[in-house]
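K.L.:
The structure that follows is given in the form of structure tokens.
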Amino acid sequence: QVQLVESGGGLVQPGGSLRLSCTASGSIFVIYSMGWYRQAPGKQRELVAKITSAGITNYADSVKGRFAISRENANNTVYLQMNSLKPEDTAVYYCNANVRTTITRPSFISWGQGTQVTVSS
């Protein structure tokens, strides 16, 4: 079993910054990609940013130039640095990881419980 725990959410004023963290623990053989998604009230969950184990990243157009995703493979941790935050960034942010628990079993997607980010004056 694999658990993902996010932290770092909160209330911030427009133009401010937050840094989210997510650490995976449990029976982990290897983690492939890790990513951040968000879901605003009444909207579908959407991709914010992803990063492969080799460090290749991709971002939603709405956050390019403002957000930066990074990871520490040794600690099974992914980060999301969010700068120049806007009210429309308000959402619950979820991390996920494409994980393999043993060499013989296929990989699967594991999700965190989510952390609230609110951008408001």
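The values are calculated or read from the model by the stated rules, or taken from the named source; none is laboratory data. Keep in mind that what you see is a predicted model, and the values were worked out from it rather than measured. Every residue, glycine among them, receives a Cβ derived from its backbone with ideal geometry; neighbour counts consider all protein chains shown. Surface accessibility is based on the protein's heavy atoms, side chains included, excluding ligands, DNA and RNA. Shrake-Rupley method; radii C 1.70, N 1.55, O 1.52, S 1.80 Å.
K.L.:
How high is the relative contact order of the chain? Use alpha-carbon pairs under 8 Å, at least six apart in sequence, and give a whole percent.
P.N.:
So the answer I get is 36 percent.
K.L.:
Right, next: When DSSP assigns beta bridges and you keep just the ones with both residues in the chain, what percent turn out antiparallel, to the nearest 5?
P.N.:
On the way: 41 of 44 bridges.
Percent antiparallel among DSSP bridges in the chain is about 95.
K.L.:
Further question on the same structure: For the chain, give the magnitude of the charge dipole about the Cα centre (Cβ charges: +1 Lys/Arg, -1 Asp/Glu; no others), in debye to the nearest 20.
P.N.:
Details: 11 positive and 6 negative charges, 33 e Å.
So the dipole magnitude of the chain works out to roughly 160 debye.
K.L.:
Can you tell me what percent of all Cα-Cα pairs in the chain are more than 25 Å apart?
P.N.:
20 percent
K.L.:
So, with a 1.4 angstrom probe, what is the percent of accessible area on the chain that is carbon and sulfur?
P.N.:
49 percent
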